[in-house]
Structures are given as C-alpha cells and as structure tokens.
Amino acid sequence: AGFSTGINPIITLGDDLRRGTPSLALRYTSNQADGQYLRLTTLADFSGRSWGDGDPKILPENGVDAIGAAPGLGPDVPVTAVTTDITVSNILSRWLPAPYAPTSVTGLVGAWAWDPDALTIGTELSSARGQQYTVESQRIAPSIDQLSAAGTTVEPEFERYLLVPEDLPPIVGSTALEVTAGATTNYEKAVALQDYFRGGEFTYSEKAPVDNGYDGSGASVLDAFLAAKAGYCVHFSSAMASMARTLGIPARIAVGFTPGQGTLQDDGTTEYTVTTFNLHAWPELYFANVGWVRFEPTPGRGTVPEFAPLAVDDPATP
C-alpha cells in the first residue's frame, strides 16, 4: 500500500485518508476491556506557518526499557496499569504506535528512544514496519473534580504551549471567547470548545478541504474552515488547539490512530484491527496537577473521553 512510503504526520494525513481502500496498519490486544488511541507523535510548535514537532528529544540514552513519568501527572490522579501487545504491518515510520502514557516497551528491533516532553517513541535508524512489541502503560483517569480544580493555572514550563502565530486569524480568538462565554475554569472552556465542534453545526469531510483549497493545519486555513464548518481531523484538532491557546490553555496536537475494530478471539481476548482509515489527529490539553488530557472535537470520528463525575455531597456527612 502507498501508506508504506512513510508518515508525514500532518502534511500527508489527508492524502492517506483519501486513498480509498484502507490498508492494514497494525493489530493489537490488550488487558484493557475497550480499544485504545495509539499515538505516533505530537505537534506542539505553532510559531510558524503550520503545526510542527519542533525538536523532539529522541536521545540514545533514553532507552525504552524504562520511560519517565507522564509530565504534570499529579499523585492523586487515578491510573491503571495496561499491557498492550502490538504487531505493526505496513507502516514505514520513525515513530512507534503506542498508547499514552507508556512506561516501557519490550521486543523492539533496532535503536529506539523516548521523548520526555511528549512520551512518544522514535528512532533515527529503524522503522515501525514489521515490529512486534509489548507496551506497558498507564491509563490516566482524572475526575471532573480534579480537572476543575486545575482552574486556570499554567505552570511556567508549560507556557510555551500557549504560543500562536502572529498571523492567526482574529476569528479564532473571537470564536473561542464566544463559545466559552460563562465558563470559568480551563476544563469548562475545553468542554465548551469540544461541544461546539461536535454539536451539529460542523460536518466531517475529507474532500471539502481539497475542493475549497484549504487542506492543511496552518493558521491561514482556520479562517476558511470556521466559515465553511466542514473538514477532517486535522482541521478540527488544529482549530480546537489554537482556540485553547488563545484562552490560556496549553495545547498540542497528537497524531496517531483511533482504536480500530475489535474481534473477540477464541481465548476470550479481543484483537483490534487498525487500518489507514483509523489515521487521526486530536488535541491534547494540559491541566495543572493532572497532566495532558485527550479531547475529541472531530464529529463522527473516535470517542469522546469520559471523566469520573463530580463528587456528590452527602448531607449526612459532618
């Protein structure tokens, strides 16, 4: 399949989605009951014409047998240990598909390392193609209380995730303010943005961007996208991440795969099949004492993340 020529995470994602017949990307099984989003890389540099990965810190000394803690993860946020066995098919990529947040990877062939900022796994000399490996990871499950408690706090080391280009269309910031009017915390604002895109006004289209000449993730296409209200995951993730930044919420874009199609096996496990149709981009927003959290603004694609509900006060409790 043409997908084996490689992954340029944003520039060619639309072309990969429009190839027609999907190609097998990978298969995986997990001790987790439902499927998982698998990340390849993150795009956090939005200082220029388009989103980019900046300068990933894929250093040889950062071996994947032990991966550092998830940035910003608070000690009270619930986490569950997850084991995922992945077999990659025809992906010629320097980035390894893995769930967030990985703690170790075993079984890889070649030299691989992890980026301490994004917890992505990459290589300079090898490829993900044909790899069979096991990822140990943490499923991070913050509650609405914990996300709300973050308020509008932004630690100094995360302020770089607030930068936007000087030529960002004014409609991005004005729409963000309009959509989140009345919201007080960053969590409330994030949910309002997500609901805005998934609320019925916008439609998913892989062809509309090409027909209307605004295929891409740069600042210049957001004006046309917000006017047309039609596009695919690159537009939705870029728009929500950009809006979040204008509101003072650290944001970046993750590129990878939606969970895929599950099939129950004879041994009782579920094997998930992931194809090029599952290629996807989504925003990740940062919350103090919680860390990076996935959101899903693209209508008709993926799943909206669920958080533990607000704690209910028991009037019988002193």
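Across the stretch 28-46, the qualifying residues are those that are open to solvent by 50 Å² or more (accessible area, probe 1.4 Å) and more than 19 Å from the chain's Cα centre (by Cα), and the one among them that is modelled with the highest pLDDT is 31. Collect the residues in the stretch 192-225 that are within 22 Å of residue 44 (Cβ to Cβ) and open to solvent by less than 40 Å² (accessible area, probe 1.4 Å), keeping them in residue-number order. Scanning the stretch 192-225 gives 193, 194, 197, 216, 217, 218, 219, 221, 222, 225. Residue pairs whose Cβ atoms lie under 7 Å apart, sitting 6 or more positions apart in sequence or on different chains, and linking a residue in the stretch 118-129 that is within 12 Å of residue 67 (Cβ to Cβ) to a partner that is open to solvent by 40 Å² or more (accessible area, probe 1.4 Å), are 119/100.
Within the stretch 240-289, the set of residues being closer than 30 Å to residue 185 by Cα, in a helix (DSSP H, G or I) and either touching a strand residue (DSSP E or B) at 6+ places or on another chain (Cβ under 6 Å) or modelled with pLDDT under 90 (or both) comprises 240, 241, 244, 245.
Kindly indicate the residue of the stretch 168-205 that is among the hydrophobic types (A, V, I, L, M, F, W, C) and out of contact with any helix residue (DSSP H, G or I) (no Cβ under 7 Å at 6 or more places or on another chain) and also nearest to residue 280 (Cα to Cα) among those meeting that condition.
That would be 202.
Among (1) without any contact (Cβ under 8 Å) to a residue 60 or more places away in the chain; (2) of a type outside the set (Lys, Arg); (3) open to solvent by 10 Å² or more (accessible area, probe 1.4 Å), there is one condition residue 235 misses while meeting the rest; what is its number? For residue 235, the exception is condition (3).
Quick one: in the stretch 206-231, which of the residues that are modelled with pLDDT under 90 and part of a loop (DSSP other than H, G, I, E, B) is farthest from residue 295 (Cα to Cα)? Looking at residues that are modelled with pLDDT under 90 and part of a loop (DSSP other than H, G, I, E, B), I get 213. Could you please find all residues in the stretch 193-213 being of a type in the set (A, V, I, L, M) and closer than 30 Å to residue 116 by Cα? Result: 193, single match.
Of everything in the stretch 154-178, what is more than 13 Å from residue 239 (Cα to Cα) and assigned to a helix (DSSP H, G or I)? Give them in sequence order. 156, 157, 158, 159, 160, 161, 162, 177, 178, listed by residue number. Of all the numbered requirements in (1) at pLDDT 85 or above; (2) charged (D, E, K, R); (3) surrounded by fewer than 19 Cβ atoms within 10 Å (Cβ to Cβ), residue 314 misses one, and that requirement is (1). As a summary of the residue check, residue 111 satisfies the conditions (1) open to solvent by 40 Å² or more (accessible area, probe 1.4 Å); (2) among the aliphatic types (A, V, I, L, M); (3) under 23 Å from residue 253 (Cβ atoms) except for the one numbered (3). Each residue in the stretch 84-109 was checked for being part of a strand (DSSP E or B) and either modelled with pLDDT of 95 or more or within 14 Å of residue 132 (Cβ to Cβ) (or both), and 11 pass. Considering the conditions (1) under 20 Å from residue 231 (Cα atoms); (2) surrounded by 15 or more Cβ atoms within 10 Å (Cβ to Cβ); (3) at pLDDT below 95, residue 176 is excluded by exactly one of them, (3).
The values are calculated or read from the model by the stated rules, or taken from the named source; none is laboratory data. Keep in mind the model is a prediction, meaning the values are calculated, not measured. Note: ideal-geometry Cβ built from the backbone for every residue, glycine included; neighbour counts use all protein chains shown. Heavy atoms of the whole protein, side chains included, go into the accessibility calculation; ligands, DNA and RNA do not. Shrake-Rupley method; radii C 1.70, N 1.55, O 1.52, S 1.80 Å.
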